[in-house]
Amino acid sequence: MSNADGITKTPVRALLDIKDLTVYYGKALALSRVSLQVNEGEIVSIVGANGAGKTTCIRTISGSKQSAAGQISFGGTRIDRMPAYDVVKLGVVQVPAGRQIFQLMSVLDNLMVGAHRRKDKAGIKRDLESVYEHFPILREKKNQNGGELSGGQQQMLAVGRALMADPKILLMDEPSIGLSPILVAEVGKIIREINRERGISILLVEQNARLALRLSSRAYILENGRIALCGDCKDLIDNDEVKRLYLGGGAKK
Amino acid sequence: MSVFFQLAFDGLTIGLIYIILAAGLVLVLSVTEIFFVAYGQFYMWGAYIAWYVVSRFHMPYVVGLVTAIVATAVMGLASYLLIFKRMQHMDNRFLITVTGALGISLILAQAVLPAFGTQPKSIPNVFPGAFDVGGVHMEVKKLALIGIGVLVTLILFYVYERTKVGRAMRAVSLNSEVAALHGINPSRVYLLTMGVGCALAGLAGAILAPAYNVSSGMGNNVIATVLLMTMLGGMDSLLGAVVGGFIVGEVLSFGQYYVHQMNVVYLFLFIGLVIYFRPNGLLGHRTDLGV
């Protein structure tokens, strides 16, 4: 955030700062010296084909996967050796791919799992209310099992569950996957709202490059575990290679 | 008619033992995914410990009960930390945990002989007295068993379904990685579950001790039935454990009266039929557990 007088006194340190991150899956190199920053209040995307290492990147940040080398800091704290259940306490919250809600638990229980590490009862209550306001369908179905919801509703539940953790940054892994075009647009709207209204930074991983570049201010293009390209989205959209590889041959401006 | 109620009453007494055992095993199976065939031995040890404390140290029964619960919980935690913790996430964990549990089962079954001798034991006169209600002979010691059993089952349900701890256990049982992503430490939940699960076995043994004989074979006698029961009720369903336990208790009691030793055969046939038509059991949902 900028100061009231508009002058930045010290160089702004990125909220999420990844340096030279290297990750292996067994013996296979999944990420090679990936560096990436997300500033406070920003939406940043990681775009890439299947198997490029996008999900690995997000899972390593959230602590589900161990890195082999490099550093991840969040708000100045090293988080790359922290277990996932502690990382979330700092406000780094992953919305897992494929939604992965708890199918045999009620919608309300799913949401309350999100708040597991919080002790501020009043805050939890307030956030539950705000999730219900954002997604009225979740209030309506709060006593039904998560597995009974439709795909789009499950995505809302997964986002709502993450919001219950009072996140500073959301790591969203392919939120559009498996959703109809109308729902993809809806998810895009939700991501923007979360970012604007609550000031939550977002790191978005997407195969749907079009959606990702439209939503975010900056993007990193991941190819075979390396950052092939990065920059402002408005520049990337005009980049010929990006057009050809990720936006479909005859992409129009 | 009084024969019917007498058999029903006796079936309920045995059924509650089975309900507690099945509930504990369902908890262990669905949360930790350890196929814990040593479970019956914790029940046997619970019974022996309660007997030992009461008859050797002349302590009140409550002390024996609590000692049995605490001791079996500690034994469960130790077996988790020493053996199962590293097996739990292997790809072939089903076979490996069965093997590990069989090892523990053999050790515990043998260790009881030098420790307590080969003769069956019983705790005398803790809950003396009996009365007849409408021709049904009710012994106070069996009523006590039923009372404690019902209370424990209710508490277990409340904790599992209505508290934060129970919610964390359910979340880990469904998806431990996603649970960790939301701040739940799965290792702690596994420890807690093993402790509580084994304590339930110890408790079942300790509440049985005043009402029936305690013998070194009792763990082996129940484990096959309890495992089959969890399949009958559903391996991920506490309610299934209660329904399964109730059915098993009554079938054993009525079967004993009408067909004697054949009762076990009919019971297993019945369970086999249910599983044939409902592979997840009567109330189970998950298809990814064990067998």
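The values are calculated or read from the model by the stated rules, or taken from the named source; none is laboratory data. Fair warning: this is a prediction, and the values are worked out from it, not measured in the lab. Reconstructed Cβ throughout: ideal geometry from the backbone, glycine too, with neighbour counts over all protein chains shown.
For segment A:134-145, filtered to residues that are more than 20 Å from the chain's Cα centre (by Cα) and either of a type in the set (A, V, I, L, M, F, W, C) or under 11 Å from A:Leu163 (Cβ atoms) (or both), the residue that is farthest from the other protein chains (Cβ to nearest Cβ) is A:Ile137. Being more than 18 Å from the chain's Cα centre (by Cα) and outside any loop (DSSP other than H, G, I, E, B) holds for only one residue in B:Gly100, B:Gly149, and it is B:Gly100. Annotation: of all residues in segment A:83-100 being in contact with a Leu (Cβ under 9 Å, 6 or more places away or on another chain) and modelled with pLDDT under 95, the one that is surrounded by the fewest Cβ atoms within 10 Å (Cβ to Cβ) is A:Gln100. For the residues A:Thr60, A:Thr56, A:Thr77, the requirement of being hydroxyl-bearing (Ser, Thr, Tyr), farther than 22 Å from A:Gln154 by Cα and surrounded by fewer than 16 Cβ atoms within 10 Å (Cβ to Cβ) singles out A:Thr77. For segment B:83-91, state whether one or more residues are assigned to a helix (DSSP H, G or I) and in contact with a helix residue (DSSP H, G or I) (Cβ under 8 Å, 6 or more places away or on another chain). Yes, the conditions are met somewhere in segment B:83-91.
Working only within segment A:160-172, note down all residues that are part of a helix (DSSP H, G or I) and within 11 Å of another protein chain (Cβ to nearest Cβ). Listed by number, the residues that qualify are A:Arg161, A:Ala162.
Within segment A:114-127, the set of residues being within 14 Å of chain B (Cβ to nearest Cβ), in a helix (DSSP H, G or I) and without any contact (Cβ under 8 Å) to a residue 40 or more places away in the chain comprises A:Lys121, A:Asp127.
Over 22 Å from A:Gly91 (Cβ atoms) and of a type outside the set (Asp, Glu): is that true of A:Gly26 in this structure?
Details: over 22 Å from A:Gly91 (Cβ atoms): yes; of a type outside the set (Asp, Glu): yes.
Here the answer is yes, as A:Gly26 does meet what is asked.
In segment A:16-33 there is at least one residue matching the filter, namely being in contact (Cβ under 8 Å) with a residue 12 or more places away in the chain, surrounded by fewer than 23 Cβ atoms within 10 Å (Cβ to Cβ), touching a Gly at 6+ places or on another chain (Cβ under 7 Å) and β-branched (Val, Ile, Thr).
Of the residues making up segment B:147-159, one or more are surrounded by 17 or more Cβ atoms within 10 Å (Cβ to Cβ), modelled with pLDDT under 95 and aliphatic (A, V, I, L, M).
For segment A:67-95, a tally of residues being outside any helix (DSSP H, G or I), over 24 Å from A:Glu140 (Cβ atoms) and within 13 Å of another protein chain (Cβ to nearest Cβ) returns 6.
Any idea which of A:Leu111, A:Leu149, A:Leu157 is more than 13 Å from every other protein chain (Cβ to nearest Cβ) and surrounded by 20 or more Cβ atoms within 10 Å (Cβ to Cβ)? So that I can check it myself, show each step before the final result.
Working: A:Leu111 fails: more than 13 Å from every other protein chain (Cβ to nearest Cβ); A:Leu157 fails: more than 13 Å from every other protein chain (Cβ to nearest Cβ).
Checking each option against the conditions leaves just A:Leu149.
Being over 29 Å from A:Arg210 (Cα atoms) and more than 14 Å from the chain's Cα centre (by Cα) is the requirement here; does A:Gly70 meet it? For A:Gly70, the condition - over 29 Å from A:Arg210 (Cα atoms) and more than 14 Å from the chain's Cα centre (by Cα) - is met. B:Gly202: away from chain A (no Cβ under 14 Å) and closer than 22 Å to B:Thr230 by Cα, yes or no? Yes.
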